[in-house]
Amino acid sequence: MTKEIRVGIVGTKFMGRSHSNAFIDVPHFFEVPFTPVLQAACGRNAADLAAFARQFGWKSQETSWEKLVEREDIDLVDISTSNLTHCAIAVAAAKHGKHILCEKPLAMNSTEARQMLDAVQEAGVRHMVAFNYRRVPAIVQAKKLIEEGKIGKIYHINAVYLQDWIVDPNFPMAWRFDAKEAGSGAHGDLNAHIIDLARYLVGEFEAVSGDMTTFVKERPTPDGKGKVQVTVDDATSFLARFTNGAVGTFTATRFATGRKNFLRLEVFGSKGAFNFNLERLNELEYFSLNDPVVEQGFRQVLVTESKHPYVNAWWPPGHIIGWEHTFIHEVRDLLIAIDQKAEVYPNFYDGLRCQQVLDAVALSAAEKRWVTIPAEG
């Protein structure tokens, strides 16, 4: 008989919905050692919280995360809040012996990320950062190509994450535009993802040189009665050197008119290359120098075969999966790690390493120089 794991979630908006769906669906498609029980949901707005709990079937409600992490009927705390509260919730949850799933970026800065890592290591709990794109089957397949030597020595990665949802200067102020609550703008929101993917696929960063821009410096208040200052970046680009000799270019912006959620990776090596586009999540373009010259070219691989990563739990070949499935995959891996008392990746160490790169880019942009990444977390 499958055991139960009682989940407490903090945050009821976009990520709270995505994670709730994952906890509900995972036992229906994967053999997991625990059946998640949606034990308690926590949010600041009582009316929104009640609607969220009712929609997804959370058994109880709290308006104080401090009370939630102390509850003896909670085994796993899911942090799906704005970046400002990640550190405090995670440290408290670890002290109460809870396993933790935390949204990205892990923290507001490297100092907080280090505190969080120290807390979970001292408590001996399982910890995971929700970099869900590591669970895209096509990305995992690309990782296999690298590990099997089919790309050869990696020379270059080109990564962009482009959105356009705040192009309108009349889009109202929100927490994501406030450095006190978000830490950064497109940088922490979007670059965090492609930095983590670069570490996963290419290796550790050595040094970065960045530039940050804010295009709309004031936005209307939500009630439309005034304007407030935007204190985060709208777009951040940077160059990178990796410890293995590879180089990279990165751009994240929420002002890419016409792009909705366009994450594209291009990795080039001595024996081959691959391209990935998140808006075509089930596809991977692969080029091999081992092909005869007259047949060389990027081939499109539809990553929907049962032998592809995670896919055997879903549908017949050609029946595509979607964005929400990546969260189901990460919850599956977390539950297995909790049962086996094993490490799960990306963990808080990975979150710290990503944060160190984020911080170094921001410092580089401020001081107009290359900044070296710490050799170790």
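The values are calculated or read from the model by the stated rules, or taken from the named source; none is laboratory data. None of these values were measured; they are calculated from a predicted model. Glycine gets a Cβ as well: all are built from the backbone with ideal geometry, and neighbour counts include every protein chain shown. Surface accessibility is based on the protein's heavy atoms, side chains included, excluding ligands, DNA and RNA. Shrake-Rupley method; radii C 1.70, N 1.55, O 1.52, S 1.80 Å.
Being assigned to a helix (DSSP H, G or I) and out of contact with any helix residue (DSSP H, G or I) (no Cβ under 7 Å at 6 or more places or on another chain) is the filter here; which residues of region 181-205 pass it? Residues satisfying the conditions are A186, L190, I194, A198. Here region 322-346 is the region considered, the condition is being acidic (D, E) and open to solvent by 50 Å² or more (accessible area, probe 1.4 Å), and the residue that is nearest to the chain's Cα centre (by Cα) is E324. Here region 113-147 is the region considered, the condition is being free of Cβ contacts under 8 Å to residues at least 60 places away in the same chain and more than 21 Å from E204 (Cβ to Cβ), and the residue that is most open to solvent (accessible area, probe 1.4 Å) is E122. Any idea which of V228, V208 is among the hydrophobic types (A, V, I, L, M, F, W, C), assigned to a strand (DSSP E or B) and in contact with a Pro (Cβ under 9 Å, 6 or more places away or on another chain)? Of the residues listed, the single one that is among the hydrophobic types (A, V, I, L, M, F, W, C), assigned to a strand (DSSP E or B) and in contact with a Pro (Cβ under 9 Å, 6 or more places away or on another chain) is V228. Filtering region 75-88 for residues that are modelled with pLDDT of 95 or more, closer than 23 Å to Q340 by Cα and touching a Leu at 6+ places or on another chain (Cβ under 6 Å) leaves a non-empty set. Annotation: of all residues in region 238-257 being out of contact with any helix residue (DSSP H, G or I) (no Cβ under 9 Å at 6 or more places or on another chain), not aliphatic (A, V, I, L, M) and not in a loop (DSSP other than H, G, I, E, B), the one that is surrounded by the fewest Cβ atoms within 10 Å (Cβ to Cβ) is T249. Of everything in region 22-49 that is modelled with pLDDT of 95 or more and of a type in the set (D, E, K, R), the residue that is farthest from E66 (Cα to Cα) is E31.
Note on region 347-364: among residues that are open to solvent by 10 Å² or more (accessible area, probe 1.4 Å) and over 27 Å from R135 (Cβ atoms), the one that is farthest from the chain's Cα centre (by Cα) is L363.
One residue alone among L162, L197 is under 26 Å from M15 (Cβ atoms), in contact (Cβ under 8 Å) with a residue 12 or more places away in the chain and open to solvent by less than 20 Å² (accessible area, probe 1.4 Å), and that residue is L197. For region 22-53, residues that are under 25 Å from C87 (Cα atoms) and open to solvent by 50 Å² or more (accessible area, probe 1.4 Å) total 4. Looking at D48, D78, D25, just one residue is acidic (D, E) and in contact with a Gly (Cβ under 8 Å, 6 or more places away or on another chain), and that residue is D78.
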